[in-house]
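Q: Sharing a structure here in structure tokens format.
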Amino acid sequence: MEQPVAQAKQRSPWFYVLLGCGGLAGLICLGGAIVVGFFGKAVKDMSDGVTDPTEKVENAKKQLGAIPEGYQVVASLSLFGLMNTTVLTNAPALPDGGYELGADSRTFTYFRITANENNKRSRDFLMGKDTDATALAQSGINIKAQDVVKRGQLVIDGRKHFYVASRGQLDTGSAGEPAQAINNAVLFDCGTEALHVGIWSQRDPAPEQAPDALDLTGSVADEEVLAGFLKPLRPCGQ
């Protein structure tokens, strides 16, 4: 008797949003979907932002201004205007429509969080005015101050950016524990009360090394590499 052929497991579309969101931000993404679940058009728009290739790209360009060369849109959607998010990756697509991150893969997750009382404190941490990252966690972006490996400021075509690179975790989409990662949180200084932040992530090149011994050349925390990646992005609309 022939045994039935097992069907390849299909991932939920929300996996691809959670891939780049991480931690509490991922729960905010998913929780937002549940909250608006009773509103048909909102749900369709959100679903299209995950599953419809054309819609994803259009949304991403509206949010970011452009898509960096070599990157593709995993998801791009708005949660009732409270938060916009776009997830990009340079990882190749899998047959099931997903993306499994390899050793050299990078992801970029952009958030626009509407004005709230945490935004100023989050902005102060990212700009180096404060060492307390609590407000960022409350906004759904988990960074621990003790894990910071590099800070800096960039001006690209007259646009200000502040960045904080830290060690953390990265969900690769594989079974098992998340990989150790370098996550570079970039503040786009748009001059508004809304918070515009992007997280550029990759596997930690040397997780066994102490932070002060870590060679960040060529990584997401390398200023020259970071500037090249950020150059086409204009979430402030400038």
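Read the figures in this text as sums done on the coordinates, not as results from a lab. The model shown is predicted, which means the values in this text are computed figures rather than measured ones. Methodologically, a virtual Cβ is constructed for each residue, glycine included, from the backbone with ideal geometry; neighbour enumeration extends over all protein chains shown.
Q: Pop the C-beta distance of Glu100 and Thr134 into the FRET formula with R0 = 30 Å and round what comes out to the nearest 0.05.
A: Rounded to the nearest 0.05, the efficiency is 0.35.
Q: Quick one: Karplus J couplings for the stretch 53-70, per residue in order, coefficients 6.51, -1.76, 1.60, θ = phi - 60°, nearest Hz, x for Gly and Pro?
A: Going residue by residue, I get x, 5, 5, 4, 5, 4, 4, 4, 5, 5, 7, 10, x, 6, 10, x, 4, x Hz, with x marking Gly and Pro.
Q: I would also like to ask the following. Among 99-108, 54-63, what's the highest-first ranking by average C-beta atoms within 10 angstrom per residue?
A: Listed from highest to lowest mean packing, they are 99-108, 54-63.
Q: Between Glu69 and Asp147, what is the label-point separation in nm under the 7 Å Cα-to-beta-carbon projection?
A: 3.2 nm
Q: I would also like to ask the following. Expressed in nm to one decimal, what extension gain is obtained for the pair Val155 and Gln169 from 0.36 nm per residue of sequence separation less their Cα-Cα distance?
A: So the extension gain works out to 2.2 nm.
Q: Near the amide H of Gly152, under 5 Å away, which other amide H atoms are found, from residues 5 or more places off or on another chain, if H is placed in the peptide plane?
A: Excluding prolines and chain starts, which carry no amide H, the hits are Tyr163.
Q: Could you run the Karplus curve 6.51 cos²θ - 1.76 cosθ + 1.60 with θ = phi - 60° over the stretch 179-196 and give me ³J(HN,Hα) per residue in whole Hz, x for Gly and Pro?
A: After applying 6.51 cos²θ - 1.76 cosθ + 1.60, I find 6, 6, 9, 9, 10, 9, 8, 10, 8, 8, 7, 8, x, 10, 7, 5, 9, 10 Hz.
Q: Taking all pairs of distinct Cα atoms, average 1/r, flip it, and tell me the Kirkwood hydrodynamic radius of the stretch 91-223 in Å to one decimal place.
A: Kirkwood radius, the stretch 91-223: 15.6 Å.
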